[in-house]
Amino acid sequence: MNELVYLDHNATTRPCAEAVEEMLGSLQAVWANPSSTHAPGQAARRALVDARARVAAFLGCQGAELVFTSGATEANHMAVLGALELGSPQGRRRLVLSAVEHPGMLALAARLKAQGVAVDLIPVNAQGQLDLDAARSLIRDDVALVSVMGANNETGVLMPTADLAVLAHAVGSPLHVDATQLVGKTALRFDASGADLWSVSAHKVHGPKGIGALIVRKGLAWPALFSGRQERQRRGGTENMPGILGFAAAAERAGLTLARDLTHMRHLQARLEAGLCAALPEVHLYGAQADRLPNTSCLRFGVLDAEQVLGKLERAGVIASSGAACAAGGTLPSHVLTAMGEDAVHAKASVRLSLGRDTGVDEIDRVIAATVQALGPLLESTRAPADSVAA
Ligand code: PMP
């Protein structure tokens with residue numbers, strides 16, 4: 001059998017050679033504590049300052065606006081809990097999120113709701129696009145934070161964050177964008193986004209896992225989630241130096257070819273979707289009418305259950321996923337597709353194919369052929385004979 005084709009880049013990406021090399025080197029070269037005043041500590045401090053500048057240059061923010069965290073989940077918690085801490089004394093104890101946020105974010109919102117925080121979810125339409133009219137009526141002056149993802153991890157549908165920034169700012173609320181899926185997949189930069197806070201994660205852009213950041217717009221004093229002196233008192237704990245240096249190397253590498261990678265992925269996405277839809281009439285593409293990331297295709301093959309489809313695809317050499325990776329293994333319908341109005345059967349049938357900058361045209365052609373071969377007979381058996389359709 002041919003080598004496996006990995007089409008699960010929204011779950012995670014393979015660390016690039018530059019990141020691996022810099023991380024391995026850092027374990028030998030800058031192992032000292034960057035808070036120490038002795039020479040080895042100061043060498044580590046210099047490496048940290050340099051890495052911060054490299055990550056900031058890629059994301060479009062200032063070094064001082066970056067708070068390194070253990071990833072986007074932590075950054076999301078810091079944004080939400082910090083906003084409530086800041087807003088509560090002024091009577092702002094309401095959160096406005098979208099209905100299709102990452103499961104970790106929705107779970108945090110549910111916990112807070114149980115503690116008395118008001119939580120409103122902005123609905124999406126059948127294409128997965130945010131309902132801006134609903135947003136307009138939910139974003140009022142008792143809101144502590146408006147938090148919406150930049151792009152949905154399951155469907156790739158882009159969210160209107162510039163419009164939300166205007167709405168949030170009009171009522172004195174900050175806007176937080178979970179930008180985890182934007183980075184490396186769009187040209188949008190923090191400084192041009194209109195948002196006040198961005199969550200990012202290195203492992204979605206060929207960096208290591210366990211490192212990410214919350215970008216906090218200059219001038220906003222944001223409370224820490226973990227108290228301590230590091231990160232200008234905004235995130236205590238000795239810095240994850242291998243992670244931060246790996247993130248810097250991955251960011252620098254991603255920045256070198258970003259424009260070319262976006263065009264490349266967009267081309268492959270079109271080829272994949274056109275190829276599958278032409279060969280299998282039962283293929284349904286979610287968010288087909290919406291602006292989407294150039295790498296994400298959320299598909300349904302008739303009503304074949306996602307678990308069955310993924311098993312068949314993997315045996316045919318194609319690695320994909322169903323819904324959010326964090327929910328894989330379970331049989332819960334996707335909350336994203338449910339919010340888009342799909343019933344439980346359809347919402348359990350969605351499969352996500354997410355390409356990477358290193359995916360090749362030959363791989364896409366192999367995926368199309370393998371999928372048609374693996375699923376074609378199954379789908380064919382569900383097709384009604386032509387004369388019974390006419391009857
Ligand atoms: N938000 C979104 C939109 C994501 O896709 C993910 C990763 N699945 C996360 C947050 C969590 O990121 P991390 O793994 O860095 O905690």
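Some observations on this one:
- Evaluation of Ser201 against (1) closer than 30 Å to Arg300 by Cα; (2) of a type in the set (Ser, Thr, Tyr); (3) surrounded by fewer than 24 Cβ atoms within 10 Å (Cβ to Cβ) (one fails), failing number: (3)
- Test: residue in segment 116-125 that is assigned to a loop (DSSP other than H, G, I, E, B), away from the ligand (no atom under 11 Å from the Cβ), within 29 Å of Gln230 (Cβ to Cβ) and not polar (S, T, N, Q): yes
- Among the residues of segment 181-234, those identified as in contact with a Cys (Cβ under 7 Å, 6 or more places away or on another chain) and either more than 15 Å from the ligand (Cβ to nearest atom) or not assigned by TED's automatic domain parsing to the domain that holds Ala51 (or both) are Phe190, Asp191.
- Residue satisfying all of: in segment 133-152; open to solvent by 10 Å² or more (accessible area, probe 1.4 Å) and either farther than 12 Å from Val119 by Cα or in contact with a Pro (Cβ under 8 Å, 6 or more places away or on another chain) (or both); farthest from the ligand (Cβ to nearest atom) among these: Asp141
- Looking across segment 3-26, the residues that are open to solvent by 30 Å² or more (accessible area, probe 1.4 Å) and out of contact with any helix residue (DSSP H, G or I) (no Cβ under 6 Å at 6 or more places or on another chain) come down to Glu3, Leu4, Tyr6, Arg14, Pro15, Ala17, Val20, Glu21, Leu24, Gly25.
- When segment 118-128 is filtered for residues that are surrounded by 19 or more Cβ atoms within 10 Å (Cβ to Cβ) and out of contact with any helix residue (DSSP H, G or I) (no Cβ under 6 Å at 6 or more places or on another chain), only Gly128 remains.
- Cβ-Cβ under 6 Å pairs, at least 6 apart or on other chains, segment 158-182 side closer than 21 Å to Asn125 by Cα and small (Gly, Ala, Ser), far side at pLDDT 95 or above and open to solvent by 20 Å² or more (accessible area, probe 1.4 Å): Ala162/Gly194; Ala165/Gly194
- The single condition among (1) touching a helix residue (DSSP H, G or I) at 6+ places or on another chain (Cβ under 8 Å); (2) part of a helix (DSSP H, G or I) that Gln42 does not satisfy is (1).
- Residue list for segment 309-323, restricted to those being over 11 Å from Leu7 (Cα atoms) and of a type outside the set (A, V, I, L, M): Gly311, Lys312, Arg315, Ser322, Gly323
- Among residues of segment 5-24 that are more than 19 Å from Glu252 (Cα to Cα) and among the small types (Gly, Ala, Ser), those with a beta-carbon under 9 Å from a residue that is assigned to a strand (DSSP E or B) and within 15 Å of the ligand (Cβ to nearest atom) at least six positions away or on a different chain give the pairs Ala11/Ser321; Ala11/Arg352; Ala11/Ser354.
- Against the conditions (1) in contact with a Leu (Cβ under 9 Å, 6 or more places away or on another chain); (2) modelled with pLDDT under 90, Val367 satisfies every one except (2).
- Taking the listed residues Ala107, Ala39, Ala99, the one that is closer than 23 Å to Thr155 by Cα, in the same structural domain as Arg235 (by TED's automatic domain parsing) and without any contact (Cβ under 8 Å) to a residue 24 or more places away in the chain is Ala107, with no other qualifying.
- Comparison of Leu225, Leu256, Leu220 shows that the only residue that is open to solvent by 10 Å² or more (accessible area, probe 1.4 Å) and part of a helix (DSSP H, G or I) is Leu256.
- Of all residues in segment 72-80, none satisfies being open to solvent by less than 30 Å² (accessible area, probe 1.4 Å) and either more than 16 Å from the ligand (Cβ to nearest atom) or in contact with a Cys (Cβ under 7 Å, 6 or more places away or on another chain) (or both).
- Verdict on Leu97 being within 16 Å of the ligand (Cβ to nearest atom) and open to solvent by less than 30 Å² (accessible area, probe 1.4 Å): yes
- So Ala386, is it modelled with pLDDT under 95 and open to solvent by less than 10 Å² (accessible area, probe 1.4 Å): no
The values are calculated or read from the model by the stated rules, or taken from the named source; none is laboratory data. Everything quoted here is computed from the prediction, not taken from an experiment. Every residue, glycine among them, receives a Cβ derived from its backbone with ideal geometry; neighbour counts consider all protein chains shown. Accessible surface areas use protein heavy atoms only, side chains included; no ligands, DNA or RNA. Shrake-Rupley method; radii C 1.70, N 1.55, O 1.52, S 1.80 Å.
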